[in-house]
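What follows is a short report on a single structure.
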Amino acid sequence: MAKFSLKVRRFKPEPGEGPYWENFDVDLDPDLSVLDGLLQVRDQQDGSLSVRCSCKAAICGSCGVKINGQSTLACKTRLSEAKEWANRSNGNSEPITIEPMGNMPVIKDLVTDMESTHWQKIRRVTPWLLPKGDPPEREYIVPPESMIDVTQTMACVQCGACVSACLSMEADPDFVGPAALAKAYRFVGDPRDGERKERLHDLAQDPHGIYNCTHCFACVEACPKGVAPMDQIMRLRRIAGHDEDIDDVNNGRRHELAFVNIIEQKGTLDEALLLQESFAPGIKGKLKPPRGAIKALFDNIPTALRAIRSGKARSAEKLVPGIHPKLPGDAQKHVKRIYAHAEEHRIELNLYIKGEEFGGGDDNEAEELAENELQGKEGAPA
Amino acid sequence: MSPAKNLKFAYWPGCVSRGFTTELHGSMALVAEKLEIELVELDRANCCGAGVIAEHNQELADTLNARTFALAQQTGLPMMNICSTCQGAQSECRQRLDADKAYREHVNGALAEEGLSYDPEGFSNKNFLWVLVEDYGLQKLKNRVVRPLEGLRVGPFYGCYVLRPRHRLGYDQHPERDLYLEKVIEALGGTVVEYDGARKCCGFPVITMSREVSLRQAGTHLGDAMDAGADCLVTPCPLCHLNLDMQQPEAAKVTGKDLDLAVLHLPQLVGLALGIDPKELGLGKHVASTKWVIDRLEPVSA
Ligand code: SF4
Ligand code: SF4
Ligand code: FES
């Protein structure tokens with residue numbers, strides 16, 4: 001047994017009262033969860049404390065909260081872990097803070113309203129199979145490999161932790177969001193679905209769709225089930241852009257193509273050319289400048305002028321699109337060959353399915369690598 | 001590594017530090033010299049793809065970065081970058097390359113003609129922020145400070161790509177990487193300003209696709225830091241710098257706030273404390289004025 005201080009963000013819906021913090025001390029086995037701590041508070045200290053839960057085993061998805069600022073499941077976070085995190089920068093006396101999930105209205109204490117911020121968005125992506133043609137007489141027959149591809153998104157328990165953490169949604173509440181877009185991939189990737197193209201068009205053309213994700217990894221970090229919603233969004237972009245060649249109104253496809261083509265030609269980024277080609281391709285590329293693109297280009301002119309005035313873009317190569325230098329010697333030729341090779345194969349390694357040989361990290365010591373190799377360590381999907 | 005104590009790295013400056021934020025590349029060179037860190041620039045290396053190339057073709061992004069890693073390995077040195085985005089994009093590709101031998105061999109096949117091959121064994125690629133804390137050492141840094149940033153209130157701004165996902169970015173071994181900016185600011189004699197946005201997104205990745213959302217993110221964080229009393233922000237990411245500094249007047253329009261906050265690149269902040277002339281560090285090349293910051297520092301008595 002050990003003592004833990006819980007600092008809980010409380011809110012009662014009665015008019016006139018704003019949210020406030022309240023501290024509770026609990027005495028529990030450190031291996032028990034933060035949810036166990038909250039339930040003990042409710043049973044022994046304050047029966048009015050509201051928290052949503054059911055399975056206590058990270059399966060039902062109802063206990064999403066923020067613990068020390070991190071969106072997660074209360075039943076999946078050990079008290080000992082939470083305490084260590086709360087105290088990692090200053091001493092040993094900080095309480096574990098527990099707040100309701102972010103980006104959602106609070107109903108009471110730790111209970112949020114997920115209807116408008118989560119469930120409506122899930123329904124927005126038509127989360128059921130739309131098969132082509134008449135259904136077969138018996139079951140659908142699909143190769144098992146083709147279903148493995150969507151298992152990662154099927155692991156979602158609809159807890160909303162990713163929505164709570166999403167930094168695009170913080171700036172744009174209309175963003176379709178990580179959970180719903182991961183769910184969209186679940187059907188785009190399903191070989192039985194007959195509306196793949198329509199689904200992709202819909203999500204690419206929506207200004208709050210796949211191109212509104214700011215690539216912040218907050219959902220990847222928050223998700224307790226390894227769904228990695230951002231990775232699914234990037235797969236949707238790959239399919240919508242590269243495979244279906246959907247020229248969306250959000251500049252998503254044009255920006256991606258411009259970037260990819262510049263690196264093929266120059267090796268490093270030519271920002272002036274990227275700006276021009278993202279908004280108004282067609283001067284060099286095969287696409288025609290779309291409606292709105294010219295305006296977007298003009299919207300960016302004040303920024304470009306400021307760059308010139310501040311001395312950021314004084315040399316000619318930063319002003320005139322396209323005169324940025326190539327890589328030295330034959331390096332550019334090698335980069336081009338890499339492009340040809342990768343376009344020919346387009347391998348998409350999925351670590352959720354594959355698992356990892358080595359632990360992540362950027363400075364694995366040689367011994368650690370050797371050790372992993374000896375043990376033949378294999379990562380398994382959570 | 002040479003027996004000498006000095007640090008030496010294969011250095012990947014990234015595209016943006018040689019494009020729109022040349023003051024970053026320049027200040028890094030000056031700071032490295034002062035700290036006696038030797039940098040061997042990888043001038044044949046290519047763009048990391050910034051996550052955008054992976055959005056087009058994952059194998060292409062992996063192969064392009066494997067090429068950069070292999071070029072670094074040719075020098076026999078560990079690799080250093082000065083861009084959170086390079087760090088994140090490269091770590092992502094590296095995770096896949098390291099995870100599967102057959103895949104790695106396939107990718108290396110595309111590098112063979114150039115005489116290159118990436119081998120995960122012993123390879124290391126770190127952002128300057130990580131190098132500063134883990135390899136150089138905060139105590140040693142403190143000893144080099146000739147102009148403590150006394151009274152300067154600095155807000156840290158990390159950039160998503162050196163924060164998340166933790167597992168991929170070596171946090172298992174170095175769990176405090178998301179506290180390093182605070183530690184560096186303190187080592188330089190400055191005061192850390194706590195505000196909401198330090199570990200949030202600057203919005204840059206969607207600037208061309210969802211301009212308002214992007215600028216609202218940048219503007220909100222700048223406003224929060226100003227409200228918390230910051231004299232400036234410091235960031236290890238030049239892309240964050242573009243949205244927070246170059247786009248600051250646009251972010252002000254979108255958020256309806258009167259924004260005026262200097263945003264320093266990490267080597268610039270270090271350089272100021274090491275006594276380097278603000279002008280040489282390129283503080284005059286910013287959009288948001290850095291005068292307030294410079295005026296608050298003691299002139300160095302050479
Ligand atoms: S990566 Fe995209 S979807 Fe995920 S939290 Fe960030 S903005 Fe939201
Ligand atoms: S994707 Fe993960 S975090 Fe988001 S709702 Fe599903 S299980 Fe929860
Ligand atoms: S109580 Fe079911 S997921 Fe936590």
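The values are calculated or read from the model by the stated rules, or taken from the named source; none is laboratory data. Worth saying up front: this structure is predicted, and the values here are computed from it rather than measured. Reconstructed Cβ throughout: ideal geometry from the backbone, glycine too, with neighbour counts over all protein chains shown. The protein model used for the area step is the full one, side chains on, heavy atoms only, and it has no ligands, DNA or RNA in it. Shrake-Rupley method; radii C 1.70, N 1.55, O 1.52, S 1.80 Å.
Quick notes on this one:
- Sparse-neighbour loop sites [trypsin sites (Lys or Arg not before Pro); the range A:102-185; at most 15 other C-beta within 10 Å; DSSP]: A:K132, A:R138
- Candidates B:A110, B:A89, B:A198, ranked by Gaussian network fluctuation over chain B, Cα under 10 Å, top entry: B:A110
- Residues of the range B:185-230 that lose at least 40 Å² of accessible area (1.4 Å probe, protein heavy atoms only) when the other protein chains are present, relative to their chain alone, are B:K200, B:V206, B:T208, B:M209, B:R211, B:V213, B:Q217.
- Alpha-carbon spread of the range A:25-135, three principal axes, descending order, Å: 63, 30, 24
- Length-normalised contact order for the range B:135-235 - Cα pairs under 8 Å, 6+ apart - percent: 38 percent
- Taking N as the residue count of the range B:1-94, its C-alpha radius of gyration divided by 2.2 N^0.38 Å amounts to 1.11.
- Gaussian network model of chain B, Cα within-10 Å springs - most flexible of B:V254, B:V234, B:V162: B:V254
- Label-to-label distance, A:K132 versus B:T75, with points set 7 angstrom from Cα along the beta-carbon direction: 5.2 nm.
- Average other protein chain Cβ within 10 Å of Cβ, residues B:263-272: 0
- Projecting the Cα atoms of B:G26, B:G76, B:Y195 onto the dipole axis of chain B, where Lys and Arg carry +1 and Asp and Glu carry -1 at the beta carbon, places B:Y195 farthest toward the positive end.
- Karplus-derived 3J(HN,Hα) values for the range A:56-66, using 6.51 cos²θ - 1.76 cosθ + 1.60 with θ = phi - 60°, are 6, 9, 6, 10, 7, x, 8, 9, x, 8, 9 Hz; glycine and proline are entered as x.
- Assigned charges on the beta-carbon of Lys, Arg, Asp, Glu; the range A:160-215 dipole about Cα centre (debye): 280 debye
- Student exercise, chain B dipole from Lys, Arg, Asp, Glu Cβ charges, in Debye to nearest 20: 200 debye
- Chain B, relative contact order in percent, only Cα pairs under 8 angstrom and at least six apart counted: 20 percent
- C-alpha center-to-center spacing [the range B:65-118, the range A:100-146] in angstrom: 38 Å
- Counting Cβ atoms of other protein chains within 10 Å of each Cβ in A:256-268 and taking the mean gives 5.
- Residues listed by number, the range B:97-125, amide nitrogen under 12 Å from B:D135 label point at 7 Å toward C-beta: B:123-125
- Furthest towards positive pole of dipole, B:W12, B:G284, B:Q173, structure part chain B, Cβ charges: B:G284
- In the frame of its principal axes, chain B has Cα extents of 55, 48, 32 Å, reported largest first.
- The A-B contact accounts for roughly 7600 square angstrom of buried accessible surface, both chains included, probe 1.4 angstrom.
- Alpha carbon centroid spacing (whole Å) that separates the range B:263-287 from the range B:155-222: 19 Å
- Using the Cβ-Cβ distance between A:D174 and A:C55 with R0 = 41 Å, the FRET efficiency computed as 1/(1 + (r/R0)^6) comes to roughly 0.85.
- Put simply, the amide H of A:I107, placed in the peptide plane, has neighbours under 5 Å in A:T112, A:D113, leaving out anything fewer than 5 places away on its chain.
- Under 5 Å from the amide H of B:L264 lie the amide H atoms of B:L233, B:V234, B:T235, each residue being 5 or more positions distant or on a separate chain, with H modelled from the backbone and absent for Pro and chain starts.
- Global geometry of the range B:227-274, whether rounded, prolate or oblate, following the gyration tensor of its Cα atoms and the 1.5 cut on a/c: oblate
- A straight Cα-to-Cα reach below 14 Å connects A:K326 with the aspartates and glutamates A:E264, A:D270, A:E271, A:E317, B:D43, residues fewer than 8 places away in its own chain not being considered.
- Estimated inter-spin distance, B:K253 and A:R123, nm [label 7 Å along Cα→Cβ]: 3.8 nm
- When only Cα pairs below 8 angstrom with a gap of at least 6 residues are kept, the range B:23-124 shows a relative contact order of 28 percent.
- For the protein assembly as shown, the square roots of the Cα gyration tensor eigenvalues, ordered a ≥ b ≥ c, give a/c below 1.5, which places it in the rounded category.
- Here the protein assembly as shown carries DSSP beta bridges of which approximately 45% are antiparallel, counting only pairs with both residues inside.
- A crude spin-label estimate for the pair B:K291 and A:D243, with each label 7 Å from Cα along the Cβ direction, gives 5.6 nm.
- Gaussian network model of chain B, Cα within-10 Å springs - most flexible of B:E114, B:E150, B:E182: B:E114
- 28 Å Cα-Cα threshold exceeded, pairs from A:K3/A:K56; A:K225/B:K253; A:K3/B:K126; A:K132/A:K225; A:K336/B:K285; A:K333/B:K285: A:K225/B:K253; A:K3/B:K126; A:K132/A:K225; A:K336/B:K285; A:K333/B:K285
- Listed residues A:L269, A:C219, A:L130: farthest to the positive end of the dipole of the protein assembly as shown (Cβ charges): A:L269
- Only Lys, Arg (+1) and Asp, Glu (-1) charged, at Cβ; the protein assembly as shown dipole about Cα centre in debye: 1600 debye
- Ranked by how many other beta carbons lie within 10 Å on average, peptides A:164-170, A:203-209, B:97-103 from highest: A:164-170, A:203-209, B:97-103
- Taken residue by residue and averaged, Cβ atoms of other chains lying within 10 Å of the Cβ of B:95-106 number 5.
- Shape category assigned to the range A:161-203 from the gyration tensor of Cα positions, a/c cut at 1.5: oblate
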